[in-house]
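Student: Shown below is the structure under consideration.
Nothing in this text is a laboratory measurement; each read-out follows from the coordinates by a stated rule. Predicted model, so just to flag it, every value in this text is computed and none were measured. Note that each Cβ is placed from the backbone with ideal geometry, even for glycine, and that neighbours are counted across all protein chains shown.
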Amino acid sequence: MTALAKYETLKYLGKGSYGSALLVCLKQDREQKYVMKEIVIGHLKTSEQESALKESEFLQTMAHSNIVSYIESFQDRHKLFIVMEYADGGDLTQAISRRSKARSHWTEEEAMRIFVQICLALSHIHAKNVLHRCRIARSTAL
């Protein structure tokens, strides 16, 4: 059985600049859900393919409670698959959107808890000499 064959696709989550994201589960354990990123690398130059593989290997070192966990990565034909923990509560953008639609604001304590989690995650990746770029909306730019 190939690594890809052990997963069952449950739902298409979306498309990003580098590929698609799928909600999957292991066929043997349907309870645990994961996100599988599917990246077409067949058209890339050899050096770009190697870079993509190195990046997926690097994700293994990002073990931190405030960073989505890496599960595994593998290639199947001309695609690279990266399996990550599924954050069933969504991401920060989705949480902000939910609060906005509900016309609800976070308490100062909730906002500080989120801020601290972000700082701890950034500190962890910076300690590994990783630069993370963050897009700031014009309306919130300083």
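Student: When the convex hull of the Cα atoms of the chain is projected onto a plane and the area is averaged over all directions, what value comes out in nm²?
Tutor: Numbers: hull surface 44.9 nm².
Result: a mean projected hull area of 11.2 nm².
Student: Specify the angular offset, from 0 to 90 degrees and rounded to the nearest 10, of the alpha carbon long axis of helix 92-101 from the longest principal axis of the alpha carbons in the chain.
Tutor: Compared with the principal axis, the helix lies near 50 degrees.
Student: Which of the peptides 8-14, 54-60 is most tightly packed, and how do the rest follow, going by the mean number of other Cβ atoms within 10 Å of each residue? Please report the intermediate quantities before stating the final value.
Tutor: Details: 8-14: 11.3, 54-60: 13.6.
Peptide ranking by packing, descending: 54-60, 8-14.
Student: How big is the Kirkwood radius of the stretch 1-49, worked out from every pair of different alpha carbons and given in Å to one decimal? Show your work: numbers first, answer last.
Tutor: On the way: mean 1/r = 0.0830 Å⁻¹.
For the stretch 1-49, the Kirkwood estimate is 12.0 Å.
Student: Another question about this same structure. For the chain, what relative contact order do you get, as a whole percent, if you take Cα pairs closer than 8 Å and at least 6 residues apart?
Tutor: Numbers: 159 pairs, mean separation 23.7, N = 142.
The normalised contact order for the chain reaches 17 percent.
Student: Turning to a different aspect of this structure: Among the lysines, select those whose C-alpha is under 17 Å from the C-alpha of residue 27, and discard any that sit fewer than 8 residues away in the same chain.
Tutor: Straight-distance partners of residue 27: 6, 11.
Student: Please order 2, 61 by the number of other Cβ within 10 Å, starting at the fewest. All intermediate terms of the calculation are to be shown ahead of the outcome.
Tutor: On the way: 2 9, 61 12.
Going from sparsest to densest Cβ surroundings: 2, 61.
Student: Next question. So, counting K/R as plus one and D/E as minus one, what does the shell of residues with Cβ under 12 Å around residue 62 add up to?
Tutor: On the way: positive: 128; negative: 55, 57, 85.
Cβ neighbours under 12 Å give a net charge of -2.
Student: I've got another one for you. Calculate, in nm to one decimal, what residue 10 and residue 99 gain on full extension: separation in residues at 0.36 nm each, minus their alpha carbon distance.
Tutor: 29.3 nm
Student: Another question about this same structure. List the aspartates and glutamates whose alpha-carbon lies under 15 Å from that of residue 37, not counting same-chain residues fewer than 8 positions away?
Tutor: In chain and number order, the partners are 8, 55, 57, 72, 76, 85.
Student: Rg/Rh for the stretch 4-85: what does it come to with C-alpha atoms and Rh from Kirkwood?
Tutor: Working: Rg = 12.8 Å, Rh = 13.3 Å.
Using Cα coordinates only, the ratio equals 0.97.
Student: Using only Cα positions of the stretch 40-117, each an equal point scatterer, no hydration layer, compute I(q)/I(0) via Debye at q = 0.26 Å⁻¹ and quote the log10 values to two decimals.
Tutor: -1.21
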